[in-house]
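Below: the structure, in structure tokens.
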Amino acid sequence: MSGHDAHVPRQRQPQLERDYSRSLALGFEPPETGTVRCLAHGFPTPLARWHVHDEYELHLITATSGKAFVGDWIGQFQPGHVVLVGPRLPHNWISVDVPEGGVAERDLVVHFLHEPIAKAAEQLPELAELLPMLERSRHGIEFFGLSERAVAHWHAVKRGKGIERFAAFCSFLADLARCTDYRLLSSVQLKGEDDTGSEQVNAVVNRIMRDYAQALSAADMAAELGMSESRFSRFFRRATGNTFTDFVNRIRVNRAGQLLMDTDSLVTRICYEVGFNNVANFNRRFLEVKGVTPTEFRRQANQRFGSKRS
């Protein structure tokens, strides 16, 4: 590890944000506001830190650019950046082009809990249309082409009271649920097959998730399912959008990313711990998936604390 690692905070876990710690002076609305609460803030701010909470967070950036951290994903943001973060998914946005004195408004945020929506959806099938998107948000979702509408939606929710606010909120989520131009920020997403196919591919994926550090081959998986290797390869790619090897490598790289963020283990040790058998191949696959080397990923990940020293 490089010399600046000595300055990195030893506490690597995200801070848990609870309702009682949300100061009205920082822009939070009180709990009695209702199911849906809005927040607007500038930068720098004590709110910009590596943290988690129980609510979904719908996050819009309106000013500055910089680096976003969502789970084990690291990427760039700029005005118009729209992300839905699921419950307990760590996140932070660090601006790098802040003018002297900061900016008064950088973030427009909506917070809401899962249980009220899920319970209401049991009786209101219209709300049930939102559930697949909310499930995907466990990985973080970045939406494209919605920035202007998202800002207008946020202000409509903020202005609304009672049922009017909830109606504006539903309109906002409906717009997001209809958006087809998005990407998941952390992990792969199954596309779905028929019921039998889903059960089979889920069994394979669960096996990979459990045994990613072991030697895994398409031939072995095919034999377990009673398929030829060529048929299994077509089946797996159709169901996941990935070849079997690419999928396994992605799972291993994602796990390596977590270890690089959350531990001080050497890169070489992490390489073997997640199932790669040589460092050169690990570095190459990590670069393909994450866009940076493992060492650079760790360096960038340390910035999620908001510390200038990292």
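Looking only at segment 3-184, where both bridge partners belong to it, what percent of the DSSP beta bridges are antiparallel (to the nearest 5)?
Around 95 percent antiparallel, to the nearest 5.
Springs between alpha-carbon pairs under 10 angstrom, Gaussian network model over the chain: which of VAL204, VAL253, VAL70 fluctuates most?
Maximum among the listed residues: VAL204.
ARG210 versus ARG49, label points 7 Å from Cα toward the beta carbon: distance in nm?
About 3.9 nm, to one decimal.
Run the quick spin-label model on ARG269 and ALA128: label points 7 Å from Cα toward the beta carbon, then report their separation in nm to one decimal.
5.0 nm
Enter the mean projected area of the convex hull around the alpha-carbon atoms of segment 133-284, in nm², rounded to one decimal.
12.3 nm²
Rank-order 16-24, 42-50 by packing density, defined as the average count of other C-beta atoms within 10 Å over each peptide's residues, highest first.
42-50, 16-24
Taking Cα centroids, how far is segment 129-143 from segment 273-299 in Å?
About 27 Å separates the Cα centre of segment 129-143 from the one of segment 273-299.
Cross-link candidates for LYS161: which aspartates and glutamates have Cα within less than 18 Å, leaving aside residues fewer than 8 places away along the same chain?
GLU29, GLU32
Based on other C-beta atoms within 10 Å, arrange SER147, SER230, SER95, SER265 from fewest to most.
Listing SER147, SER230, SER95, SER265 from fewest to most nearby Cβ atoms yields SER230, SER265, SER147, SER95.
Using the Kirkwood radius built from alpha carbon pairs, what does the Stokes-Einstein equation give as D for segment 1-128 at 25 °C and 0.890 mPa s, in µm² per second?
For these conditions, the coefficient is 152 µm²/s.
Give the residue from ILE141, PHE166, HIS114 lying farthest towards the positive end of the charge dipole for segment 63-203; charges sit on Cβ (+1 for Lys and Arg, -1 for Asp and Glu) and the dipole is referred to the Cα centre.
Final value for the positive-end residue is PHE166.
Read-outs: derived from the displayed coordinates by stated rules, not from any lab. The shown structure was predicted, so the numbers you read here are calculated from the model rather than taken from an experiment. We place every Cβ from the backbone using ideal geometry, glycine too, and count neighbours over all the protein chains shown.
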